[in-house]
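*Asks:* Just dropping this structure here.
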């Protein structure tokens, strides 16, 4: 198999969940030759997740993406161990199934802080190193809800946070293209992960599938493959782009 990420050091936030997009991405990246760093809130769980993938070329670090100092500390640990950062996957995120008038200030801050502030802080932590290397790739987990005005489980503040990620990514892509740093985003549809697990009834699935031309729900591996494309040289002339991974749920 062609190794698309040979000798690349890749940080994946929100990667410790057993059925999550981050974990699937970490596993696929490692298969393609990458050194994988899983960054999540709990250091022990991050290390366990890394060890489950492989004994070599893996690392688990604690990182609260809403805390800039925590992001910088995590990236510093990666630099001290490996000396470079080639890929950042901004994947950490949370959702809340609330309606507009139900969103409290605390709810708003919780959801936007993890997705949007977390993306900014982690990007700020790796960009100086990537600029010095004259190369790198950042890929962000947005959502189809940013494009279609809501999804299945996320409230309007989730849509706002995920839409903000798209704007931030494009602005950073314009600024950092001169350093050969590519910054792109993916917009997954309904993916079967830890977040959605147990919440979908058979009736809900049947109804949802009527709006998906490919007639199936996505899984974490579907999104991981999109990350692999955008993190590797297969997308060497792509920046500021948004890759839809939703089975056709949303077309425009």
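The values are calculated or read from the model by the stated rules, or taken from the named source; none is laboratory data. Quantities reported herein were computed from a predicted structural model and do not represent experimental measurements. Cβ atoms come from the backbone with ideal geometry, glycine included; neighbour counts cover every protein chain shown.
*Asks:* I'm told residue 205 meets every condition in (1) free of Cβ contacts under 8 Å to residues at least 24 places away in the same chain; (2) under 27 Å from residue 113 (Cβ atoms); (3) part of a helix (DSSP H, G or I) except one. Can you identify the failing condition by its number?
*Replies:* Condition not satisfied by residue 205: (2).
*Asks:* Still on this structure, I have one more. For the stretch 1-103, which strands (runs of 3 or more DSSP E) that fit wholly inside it have 1 or more residues that are under 30 Å from residue 155 (Cβ atoms) and over 16 Å from the mean Cα position of the chain (by Cα)? Before you say what the answer is, go through the steps one by one.
*Replies:* Values: elements: 9-13, 35-40, 58-62, 87-90.
Hits in the stretch 1-103: 58-62.
*Asks:* Right, something else. I'm trying to understand the selection: among the residues of the stretch 29-57, which are under 22 Å from residue 229 (Cβ atoms) and either in contact with a strand residue (DSSP E or B) (Cβ under 7 Å, 6 or more places away or on another chain) or buried (at least 22 other Cβ atoms within 10 Å of the Cβ) (or both)?
*Replies:* 29, 30, 34, 35, 36, 37, 38, 39, 53, 57
*Asks:* In addition: What's the total number of residues in the stretch 141-151 that are assigned to a helix (DSSP H, G or I) and buried (at least 18 other Cβ atoms within 10 Å of the Cβ)?
*Replies:* Going residue by residue through the stretch 141-151, those that are assigned to a helix (DSSP H, G or I) are 145-148.
Next, only the ones that are buried (at least 18 other Cβ atoms within 10 Å of the Cβ) stay: 145-147.
Residues flagged as assigned to a helix (DSSP H, G or I) and buried (at least 18 other Cβ atoms within 10 Å of the Cβ) within the stretch 141-151 amount to 3.
*Asks:* Output the residues belonging to the stretch 104-131 that are under 16 Å from the mean Cα position of the chain (by Cα) and over 19 Å from residue 38 (Cβ atoms).
*Replies:* 111, 112, 113, 116, 117, 120, 124
*Asks:* Could we say that residue 185 is assigned to a strand (DSSP E or B) and at pLDDT 90 or above here?
*Replies:* Values: assigned to a strand (DSSP E or B): yes; at pLDDT 90 or above: yes.
Yes: the conditions hold for residue 185.
*Asks:* Right, here's the next one. Under 15 Å from the mean Cα position of the chain (by Cα), buried (at least 17 other Cβ atoms within 10 Å of the Cβ) and assigned to a helix (DSSP H, G or I): which single residue out of 172, 165 fits that description?
*Replies:* Values: 172 fails: under 15 Å from the mean Cα position of the chain (by Cα).
Of 172, 165, the one residue that is under 15 Å from the mean Cα position of the chain (by Cα), buried (at least 17 other Cβ atoms within 10 Å of the Cβ) and assigned to a helix (DSSP H, G or I) is 165.
*Asks:* Here is a follow-up. For the stretch 214-252, how many residues are assigned to a helix (DSSP H, G or I) and within 14 Å of residue 192 (Cα to Cα)?
*Replies:* Qualifying residue count, the stretch 214-252: 5.
*Asks:* Here's a follow-up. Considering only the stretch 88-116, state which residues are closer than 21 Å to residue 227 by Cβ and surrounded by 18 or more Cβ atoms within 10 Å (Cβ to Cβ).
*Replies:* Going residue by residue through the stretch 88-116, those that are closer than 21 Å to residue 227 by Cβ are 88-95, 114-116.
The answer is 88, 89, 90, 91, 92, 93, 95, 114, 115, 116.
*Asks:* Please work out which one of (1) surrounded by 18 or more Cβ atoms within 10 Å (Cβ to Cβ); (2) in contact with a helix residue (DSSP H, G or I) (Cβ under 7 Å, 6 or more places away or on another chain) is the condition residue 218 fails and give its number.
*Replies:* (2)
*Asks:* Scan the stretch 104-140 residue by residue and report those that are under 27 Å from residue 175 (Cα atoms), out of contact with any helix residue (DSSP H, G or I) (no Cβ under 7 Å at 6 or more places or on another chain) and not in a helix (DSSP H, G or I).
*Replies:* 135
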